[in-house]
Amino acid sequence: MKPVYMINGFLESGKTEFITYTLAQPYFQVRGKTLLIVCEEGEIEYDPVLLKQSRTVLEVIEDEEDFVPNRLIELEKKHKPERIVIEYNGMWNYKEMKLPWHWKIEQQVTTINAATFPMYFTNMKSLLAEQIRKSELIIFNRCDGVKDLSSYKRNVKAINPGAEIVFEDANGEINEIMEEELPYDLKADVIELDNMGYGIWYLDTMDHIERYQDKTLSFLAMVLKPTQFPKGYFVPGRMAMTCCAEDMAFLGYACAFEGADTLKDQQWVKVTAKVEKCYFEGYQGEGPVLRAIQVEPAKAPKEEVISFV
C-alpha cells in the first residue's frame, strides 16, 4: 500500500505553510522520494531548495475532473515515490474524492484560518464538514484577536469528536478554553445542564474529564439502550445537529443505574449522576462513566434536538 498524507482546507488556510514545515523536519526527510500533489496554488510558493533537500517532486492538478485514479497512477509511475502528500483544493467536494485502490491515507490534516472560519462555517458548512469529518488533526491558525475559540472547538468537535484540535497565534500554540468560559458553575453542588450546557459538557468532557471527576450533574435526556451493554447500564443523551438537518448524532455517555432494565428506548428522563473516569467495556478502554443518583421520568423538551451553532 502507498502511504498518503492528505492536507486539506480552504484557500489561504495555511496548508502550504504546514506542508513546508513538515518537509523541513528531519523525521520526514527519510529515504526515498516524496510526491507532492498540489491542487490549488495560493500566495505562498514552495522553496525549490527545500524540495530538493527533502527529495520531493511537485506536481500540480488544477482541475477537479483531472483528480482521478488513472491520472494519480500516472504520476506514481512517473516518479516512483515512497510516500505521497496531497494539498487538496478546499472547494472540491472531499466526499466525492477517489484515490487509487492501493493508496492508503495514513494521516489527514485540516488547516483552518480562524479569522475566516465563521464565514465558511455559516455559508459552506457542508463542504467544511467533509474536510474535517475524518481528520485526525485540525489546526486553527491566525488566532490572534479571536476571542471565542471555545465555540470554534465546539462546532468542530460536534462533527468530529475524536479529532485533535490545535489553536495557534503568532506566538505559537495557545490554550483555547478556560473553565471560566463554561456556561455553568463547576463549583455548584449540582451542575444543571440546559440544552447548550449539555452539548458543551459532553464535548469538554472528552478533553478535560478531570474537571468533572466526582462532580454531580443534572440534565434532561433521552434513553438509549445498546444491546451490547451489560446489565445495569444505559446511555442518557441528546440528539444533536452536528452540521445540517440530515447530519444528526446521539451524544451521551454510559450510565450505571440499578433500574436500567425498567427504562425504555427513547423514553425521556431527568438524570442526576456523578461523573467518573474508569474502564468500560463498551468503550474498549477508559472513559467518562456516569453513576446515577436518581433517574426520573420526564416530559420531552420543547426542542428535542440540540445545536452547536
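The values are calculated or read from the model by the stated rules, or taken from the named source; none is laboratory data. Remember, predicted model here, so these are calculated numbers, not experimental data. Cβ coordinates were reconstructed from backbone atoms using ideal geometry, including for glycine residues, and neighbour counts include every protein chain displayed. Please note that ligands, DNA and RNA were not included when accessible areas were found on the heavy atoms of the full protein model with its side chains. Shrake-Rupley method; radii C 1.70, N 1.55, O 1.52, S 1.80 Å.
Pick from Val289, Val60, Val223: which residue has the top mean-square fluctuation in a GNM of the chain where Cα pairs under 10 Å get a spring?
Val60
Can you tell me which of Pro69, Pro236, Pro161 moves the most in a GNM of the chain? Springs connect C-alpha atoms under 10 Å apart.
Highest fluctuation among the options: Pro69.
Over the Cα atoms of the range 114-198, compute the convex hull volume and normalise it per residue, giving Å³. Walk me through the intermediate numbers first.
Numbers: hull volume 9.1 nm³, N = 85.
Cα-based convex hull of the range 114-198, divided per residue, equals 107 Å³.
Might you report the magnitude of the Cβ-based charge dipole of the chain about its Cα centre, with Lys and Arg at +1 and Asp and Glu at -1, to the nearest 20 debye? Intermediate results must be reported in sequence, preceding the final value.
On the way: 35 positive and 50 negative charges, 217 e Å.
Magnitude of the dipole: close to 1040 debye.
Quick check on the chain: helices-only [θ] at 222 nm, where DSSP H runs of length 4 and up contribute -39,500 (n - 2.57) each and the sum goes over total residues. Nearest 500, please. Walk me through the intermediate numbers first.
Values: 7 runs with 66 residues, N = 309.
Result for the chain: -6000 deg cm²/dmol, rounded to the nearest 500.
In square nanometres, what is one fourth of the surface area of the convex hull spanned by the alpha carbons of the range 40-110?
On the way: hull surface 22.1 nm².
Taking the Cα atoms of the range 40-110, their convex hull projects to 5.5 nm² on average.
Tell me, what % of the accessible area of the range 63-211 is carbon and sulfur with a 1.4 angstrom probe? Write out the running numbers ahead of the final one.
Details: 3610 of 7540 Å².
Its accessible area is 48 percent carbon and sulfur atoms.
Zone of Glu210 (label point 7 Å along Cα→Cβ, backbone N under 14 Å): which residues in the range 251-290?
Only 277 pass the distance filter.
Okay, which of the range 133-148 sit inside 17 Å, backbone N to the point 7 Å along the Cα-Cβ direction of Asp169?
140-148
So which chymotrypsin sites (Phe, Trp or Tyr not before Pro) in the range 1-71 pass both tests, a DSSP loop state and at most 15 other Cβ atoms within 10 Å of the Cβ? Working shown, then result.
Details: sites: Tyr5, Phe10, Phe18, Tyr21, Tyr27, Phe28, Tyr46, Phe67; in loops: Phe10, Tyr27, Phe28, Tyr46, Phe67.
Of the chymotrypsin sites (Phe, Trp or Tyr not before Pro), the ones in loops of the range 1-71 whose Cβ has at most 15 other Cβ atoms within 10 Å are Tyr27.
When the chain is modelled as a GNM with alpha-carbon springs shorter than 10 Å, which of Tyr152, Tyr212, Tyr279 fluctuates the most?
For the chain, modelled as a Gaussian network with Cα springs under 10 Å, the answer is Tyr279.
Assign one of three labels to the range 187-307, namely rounded, prolate or oblate, based on the Cα gyration tensor with a ≥ b ≥ c the square roots of its eigenvalues; rounded applies when a/c is under 1.5, prolate when it is not and a/b is larger than b/c, and oblate otherwise.
Details: a/c = 1.23, a/b = 1.10, b/c = 1.12.
Rounded, since a/c falls under 1.5.
List the aspartates and glutamates whose alpha-carbon lies under 15 Å from that of Lys104, not counting same-chain residues fewer than 8 positions away?
Excluding near neighbours in sequence, the set is Glu76, Glu82, Glu136.
Round to the nearest 10 and give me the degree value, 0 to 90, for the angle of helix 15-24's Cα axis relative to the longest principal axis of the chain.
70 degrees
If you put +1 on each Lys and Arg Cβ and -1 on each Asp and Glu Cβ, how big is the dipole of the range 1-115 around its Cα centre, in Debye rounded to 20? Working shown, then result.
Details: 14 positive and 19 negative charges, 181 e Å.
About 880 debye.
If you average 1/r over all unlike Cα pairs in the chain and invert the result, what Kirkwood radius do you get in angstrom?
On the way: mean 1/r = 0.0461 Å⁻¹.
One over the average 1/r among Cα pairs gives 21.7 Å for the chain.
So what's the gap between the Cα centers of the range 1-40 and the range 246-277, to the nearest angstrom?
43 Å
Determine the gain in length on full extension of the stretch Lys80-Lys225; use 0.36 nm per residue of separation and subtract their C-alpha separation, reporting nm with one decimal.
On the way: separation 145, 0.36 × 145 = 52.20 nm, distance 5.12 nm.
My answer for the length gained is 47.1 nm.
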